[in-house]
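Data block below; observations after.
The values are calculated or read from the model by the stated rules, or taken from the named source; none is laboratory data. These figures come from a predicted structure and were not determined experimentally. Cβ sites come from the backbone with ideal geometry, for glycine too, and all protein chains shown count toward neighbours.
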Amino acid sequence: MSRRLSQNNISRLTRRSSPRTPSTQPSTSPSSSHARVPRKTLSSRSQPDRPDKKTTVVVSGKRRNGEKSSRIRQRRQFSNPFATLLLYTLRLSIMGIGISAIAGTVLTVIRPTQFPGANFHERGGFAVARRSMSDNSQGIFTQASASSLSLTRELLPLKAKLEALAAKYPKLQPGVFFVDLDSGNYVNVRGEQGFSAASTIKIPILIAFFQDVDAGKARLDEMLTMKKELIGGGSGDLQYQQPGKQFSALETARKMIVISDNTATNMIIERLGGIKALNQRFQDWGLTSTAIHNSLPDLEGTNTTSPRDLAHLLAMVNRGELVSLKSRDRLLGIMQETQNRNLLPQGLEKDATIAHKTGDIGSVLGDAGIVDMPSGKRYIASILVKRPHNDGNAKKLIQGISRTAYQHFKWYKARPAAKQEAKNRSNT
């Protein structure tokens, strides 16, 4: 009994001295204690690593988000090929503009027109010219290879009609040249033949005047003095003015065309450097039959030209090849005021307009100009008729040719030059 009590006391003392464990603590069996130790060890080791692990996850998440956005941008870039193409096209265009500006500057400095070369081109029997400028020309346009007028095919049906009409007047010798400026189609009936120019010589003189205005060698408002030796008879009213009277250059040039004033013509010829200088300029333009040999009125008919030369000049003026566009408009405006409307205008309908210049001496009657139709078509008409002295049939013939050509251009449908040439190649 006493032994049992002592054992109980020992166990009580042992319980008091040992720490109390929570009621939820698992069993203290060896197996339980062995399983608990690794769990505590793992927990204590993992606790300091938790912040680094979270940081790693966040960083990797940012990387993944960056890679994802980069892929999205790449998809957007490649998902719109049209935008990419447009971007590269814009870049190439900007680069091309820069290169063109540099090249233009270099060519301006070099002035390639100073160098000799093939300056003349002839297609379809019709010479054409382009404006060029050299050191000694000071703004004078000279002959050069160009495409101011490209003749495509001859209008054979219209040519046959005109030849049949001319056959009714066996005593007359007409020269005819028509050009459809829209298609390049043309009619040539002895157009290269030289004729006495009469007052049609005033067309190239007027062009030369405006050429000098463009070059700064003449001014429209400068005053020209009418000298006694420059007074010419025939048409015009300046011949009745007192010598020494002055007129502006523009008024003088206008009288030369509108009322065909011969005195005004002689004044302009002198202002432009004289007959020799003008003839040289005509040659530079590529004119083969046009030359001045005497002052106006030249009733003997020594001054010469051809229907082709006049058509050639008008074609270049129409394209702005010899004068500036401003001078071209002023020049054609003056020619529209021509008072003599008895020749080419008689063959036109009322809504058509014409800028032209007539010529009339005993042996030759002529008219040349640019016709604008209400439909918008534009063509060149150039007619010179050699005749017995003052034969009135020449007037009827020119009117008939003008009327026949106008009606033909009104109703026919021109084939564009490119399509016609392609068709010819396919047939061969």
Can you find a residue in segment 173-180 that is assigned to a loop (DSSP other than H, G, I, E, B), closer than 16 Å to Arg308 by Cβ, of a type outside the set (A, V, I, L, M, F, W, C) and modelled with pLDDT of 50 or more?
no
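Each row is one residue, and each column tells you yes or no for (1) out of contact with any Phe, Trp or Tyr (no Cβ under 9 Å at 6 or more places or on another chain); (2) in contact (Cβ under 8 Å) with a residue 24 or more places away in the chain; (3) among the acidic types (Asp, Glu).
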position: Arg319; (1), (2), (3): yes, yes, no
position: Ser324; (1), (2), (3): no, yes, no
position: Gly333; (1), (2), (3): yes, no, no
position: Thr338; (1), (2), (3): yes, yes, no
position: Leu343; (1), (2), (3): yes, yes, no
position: Leu348; (1), (2), (3): no, yes, no
position: Asn390; (1), (2), (3): yes, yes, no
position: Asn393; (1), (2), (3): no, yes, no
position: Thr404; (1), (2), (3): yes, yes, no
Those residues of segment 197-223 which are under 17 Å from Ser289 (Cα atoms) and in a helix (DSSP H, G or I), in sequence order:
Ala198, Ser199, Thr200, Ile201, Lys202, Ile203, Pro204, Ile205, Ile207, Ala208
For segment 344-360, enumerate the residues that are touching a Lys or Arg at 6+ places or on another chain (Cβ under 7 Å) and either buried (at least 24 other Cβ atoms within 10 Å of the Cβ) or acidic (Asp, Glu) (or both).
Lys357
Residue check, Ser327 in contact with a helix residue (DSSP H, G or I) (Cβ under 7 Å, 6 or more places away or on another chain), hydroxyl-bearing (Ser, Thr, Tyr) and either under 20 Å from Leu181 (Cα atoms) or assigned to a helix (DSSP H, G or I) (or both)
yes
In segment 247-263, residue surrounded by the most Cβ atoms within 10 Å (Cβ to Cβ) [restricted to those that are farther than 17 Å from Glu229 by Cα and hydroxyl-bearing (Ser, Thr, Tyr)]
Ser260
Could you look through segment 186-199, keep only residues that are out of contact with any helix residue (DSSP H, G or I) (no Cβ under 6 Å at 6 or more places or on another chain) and either β-branched (Val, Ile, Thr) or surrounded by fewer than 24 Cβ atoms within 10 Å (Cβ to Cβ) (or both), and pick out the one that is nearest to Arg403 (Cα to Cα)?
Asn188
For residues in segment 150-173 being touching a Lys or Arg at 6+ places or on another chain (Cβ under 7 Å) and buried (at least 18 other Cβ atoms within 10 Å of the Cβ), which is farthest from Tyr412 (Cα to Cα)?
Leu172
State the number of residues belonging to segment 276-317 that are without any contact (Cβ under 8 Å) to a residue 12 or more places away in the chain and of a type in the set (Gly, Ala, Ser).
1
Output yes when any residue across segment 294-303 is under 26 Å from Gly234 (Cβ atoms), in a loop (DSSP other than H, G, I, E, B) and of a type in the set (A, V, I, L, M), and no when none is.
yes
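Checking the structure you have, find out if any residue of segment 236-245 is under 40 Å from the mean Cα position of the chain (by Cα), farther than 22 Å from Ala277 by Cβ and either part of a helix (DSSP H, G or I) or not acidic (Asp, Glu) (or both).
yes
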